[in-house]
1. What is the dipole size for the chain, taken about its Cα centre, with +1 at each Lys and Arg Cβ and -1 at each Asp and Glu Cβ, in debye to the nearest 20?
2. For the range 9-87 and the range 88-154, what is the centre-to-centre distance using only Cα atoms, to the nearest Å?
3. Do the sum for the chain: with -39,500 (n - 2.57) for every DSSP H run of n ≥ 4, divided by all residues, what is the mean residue ellipticity at 222 nm, to the nearest 500 deg cm²/dmol?
4. If you rank 227, 442, 275 by fewest surrounding Cβ atoms within 10 Å, what's the result?
5. For the ranges 163-173, 344-354, 75-85, what's the packing order if you count other beta-carbon atoms within 10 Å of each residue, average per peptide, and put the highest first?
6. Work through the residues other than residue 292 whose Cβ is under 11 Å from its Cβ and net out their charges, Lys, Arg +1 and Asp, Glu -1.
7. Find the lysine pairs in the range 266-465 meeting two conditions, Cα atoms under 20 Å apart and a separation of 8 or more places or different chains, and report how many there are.
8. Round to a whole angstrom and tell me the spacing of the C-alpha centers of the range 155-194 and the range 242-290.
Amino acid sequence: MYDEIINEPQWHEECGIFGIWSKTASVTDVCYLGLFALQHRGQESAGIAVTDGMHVDIAKGMGLMTEAFRPRLPGITGHCAVGHVRYSTVGGSVLANVQPFLASFSGGFISLAHNGSLTNAQETRRRLENAGCIFQSSSDSESILNLIAVSQAPTVEEKILSSLEQIEGAYSLVIMTGDRLTGVRDPHAFRPLCLGRLEDGYVLASETCALDAVNATFVRDVLPGEMVVVDRTGVHSYFLQKKARRSSCVFEYIYFARPDSVIDGVSVWQSRYLMGRRLAREYPAAADVVVPVPDTGIAAAIGFSAESGLPFVEGLIKNRYVGRTFILPDQTKRKATVEMKLNPVQANLAGKRVVLIDDSIVRGTTSARLIALLRRAGATEVHMCVSSPPITHPCYYGIDTSIRRELIAAVSTEEEICRKIGTDGLHYLSLQGLLESVGDGMGERMCTSCFRGDYPTDVSECLAEAGI
Ligand code: SF4
């Protein structure tokens, strides 16, 4: 899925979170580096909050990290920081919604960054507003902050735990209070969160690629329903009372996470490679070359090539210097934009039967444009192979999906999709093939709701909001 190509709603990972507690390090710089490694998870805004235990400073801005922090980074030399990169799904793309959120409460101050989306957000917010809470943003994450602030529990840990018992849905959190860093993963473990060790402290991050970026040693993934607290005495673990069936997002492996990350013990790159091998077994296409849609289709295309014996070639070259700002307003210019961002390699395509590997198809418009590009470069046949099953249902756990009627696989048969995107053949990876490709039996403990519509939490509030 090459979602940057066109100015249309596609799938976006909406957040990356990072937290650091250190005895001596300059935590602002380390937090910046960690967040930078998570930039793929959100490009609309970024923020960092830092404390020295007495004071707190926060810097936030819109855009990529380099844009958001151009005016300034937090100025104090602290021992603890939390950071966030965001693509908005709940709440608009405005500065008021940029995280981390920071508030004062009876226990001092609290700063919080959230990855995920709550499925009882409206009910929670209504309850808090009725109790007199004032909101400064339209983000569901601010409700979590308010729940903690109004909690009557005696300790900060108990305030956080009792607040989280009241919310449902997807949340991985990093929370900074005066002298400690807290990380939480919801009982379903929808979104990733891992713990790493520094020489003189600890970090929490959405993905292990961020640990690598700051030279932290991977300690472990935060467990479903677990809260880890880092302070001067080390790492302490607590658990929510609420228990749930583990439902980690399988799309982290298909598309969202960086391929060099390892999530819950499973390599993202290896999973994608195995998805490609499985695709080749399920769909032994009569073709000459295997071409990935860069970048997320590359590992699966290498796997497809290894299994099928067909040569892997670069058929589409991505212009890495065209940023988000290169989005033009009208349709004619948008088409030109596609060609500015991806250009076919005629030498690898002319006269060839091509297997095109992409990670998913959402609306189908991008696939149609890519296939047309390949044909114009001389490909005689284009077989579209997708390393995930058809997406037939929206996600309510923090991924920005089109509404259901805009999902091409929800409203069209495979033959209709073939016609609409102009392919000579179409094959989606089977659900079983997908789950078996995500190693170590993890596949069985994944959320697959966007393929099946069997949501692991009550989503009636989300359905009502969508008018269903
Ligand atoms: S519905 Fe799909 S995208 Fe959303 S959490 Fe589940 S698997 Fe991930």
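1. Details: 44 positive and 53 negative charges, 148 e Å.
Dipole magnitude for the chain comes out near 720 debye.
2. Cα centroid of the range 9-87 versus Cα centroid of the range 88-154: 18 Å apart.
3. When only DSSP H runs of four or more count, the value is -7500 deg cm²/dmol.
4. Numbers: 227 21, 442 18, 275 27.
By the 10 Å Cβ count, ascending: 442, 227, 275.
5. On the way: 163-173: 22.3, 344-354: 17.9, 75-85: 25.1.
The peptides rank, most packed first, as 75-85, 163-173, 344-354.
6. My count for the surroundings of residue 292 gives -2.
7. Values: 318/333; 318/335; 318/341; 333/341; 335/420.
Count of close lysine pairs: 5.
8. The range 155-194 and the range 242-290 have Cα centres spaced 27 Å from each other.
Throughout, read-outs are computed from the coordinates displayed, never taken from laboratory work. These numbers come from a predicted model, not from an experiment. Heads up, the Cβs are rebuilt from the backbone with ideal geometry, glycines too, and the neighbour counts pull from every protein chain shown.
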